[in-house]
Amino acid sequence: MLPVTTVRVTSLSLLLSASLAAAQPATVFDARGLSWEERCTVEALQGIVNRSGPRLYLDFGNPWSQKWLDIYSERNGLRYERLQGLPELLGRFSSEIKGLVVYDPDVDGSRYVAMTLAGLDDLLPVAPEVVEGRSPGFCASAQWPGCDFTTAREVDLRNWRRAANPELQIVPGEGMAMTEGNQQPGQDWSFASYGPLTVDLDKYPVLQVEVGSLEGDGAGWLIKLTRDRNGDGMISGGEDDLCLAVERGPGVKSYDIAKLAGVSGVQRFSHIQLHDAKLVMQLQ
């Protein structure tokens, strides 16, 4: 006589909940180009929302992000609805958030305390720039207003990501000074990037840059814009970049982005990059 086997089912209700949630399309949010502060807020929101099922995924533009979305779709039948714009994301799930925890971004410990409290009480951890709508994600959902560095504050530099170690400094009334971080020949140029940003190129086709001064032998600068050229949802450096010519002097330079990129209408750029070469470039 075979022994009796007892199976104790303890998670059937969770499986049913997940299946019911999967009946509605999950939201895939375009998280490419989020600032560090915005990312802390959005990832906390994802944790709260997904307590009731697979409802919110964050797409950071990596190949493996789409790979896992495909796997979930094939194996679990998940359907997706893509969403762009930080205000749109927060608005969609606002009913599930009970409040905010505002932290000091200059005190790293403050951020993590806020994230812990947020998880306990269904709150969102937010930096002041997010609460005030000054972070890049809020500008990206509407027309990009541009950047007037002559009236900017040091705190505004948090919205610019840095690569290859540039030194950024606001000179009151004059602009932003960006100092090359790689002084050795053959090394990559330093750059700062901002985005994502949305622009209606039918209304605003021209990008204008004013450089007040350059210092140092061989100093130069250029603008690079990155967008999803083929519409596959992936952003990769190089193939998706629009690299403008290197400039070797100060002054005002205007670029017809619509003509140079061969596009029109409302376009979303994941990054706009300011590259400098060899010592100091001052932007106005």
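Here are a few things to note about the model shown:
- Residues within region 149-176 that are within 20 Å of H275 (Cβ to Cβ) and either modelled with pLDDT of 80 or more or not in a helix (DSSP H, G or I) (or both), tallied: 17
- Pick from region 255-276, criterion surrounded by fewer than 18 Cβ atoms within 10 Å (Cβ to Cβ) and of a type in the set (A, V, I, L, M), ranking: nearest to the chain's Cα centre (by Cα): V266
- Test: L242 is under 28 Å from L58 (Cα atoms), assigned to a strand (DSSP E or B), in contact with a Lys or Arg (Cβ under 8 Å, 6 or more places away or on another chain) and at pLDDT 85 or above: yes
- Considering region 211-225, the residues that are of a type in the set (D, E, K, R) and farther than 30 Å from Q84 by Cα include one that is modelled with the lowest pLDDT, namely D217.
- Counting only helices (runs of 4 or more DSSP H) that sit wholly inside region 49-141, those with at least 1 residues that are under 18 Å from the mean Cα position of the chain (by Cα) and either modelled with pLDDT under 85 or buried (at least 18 other Cβ atoms within 10 Å of the Cβ) (or both) are 63-76, 86-92, 128-131, 136-140.
- In region 185-197, the count of residues that are modelled with pLDDT of 80 or more, aliphatic (A, V, I, L, M) and over 22 Å from the mean Cα position of the chain (by Cα) is zero.
- Residue list for region 249-273, restricted to those being assigned to a strand (DSSP E or B) and either more than 26 Å from R162 (Cα to Cα) or not assigned by TED's automatic domain parsing to the domain that holds L197 (or both): V266
- Of the residues in region 170-185, none is surrounded by fewer than 14 Cβ atoms within 10 Å (Cβ to Cβ), of a type outside the set (S, T, N, Q), more than 30 Å from P128 (Cα to Cα) and touching a residue at least 12 places away in the same chain (Cβ under 8 Å).
- Of all residues in region 206-225, exactly one satisfies the criterion of being surrounded by 18 or more Cβ atoms within 10 Å (Cβ to Cβ) and assigned to a loop (DSSP other than H, G, I, E, B), namely A219.
The values are calculated or read from the model by the stated rules, or taken from the named source; none is laboratory data. Values in this document were obtained by computation on a predicted structure and should not be read as measured data. Backbone-built Cβ (ideal geometry, glycine too); neighbour counts: all protein chains shown.
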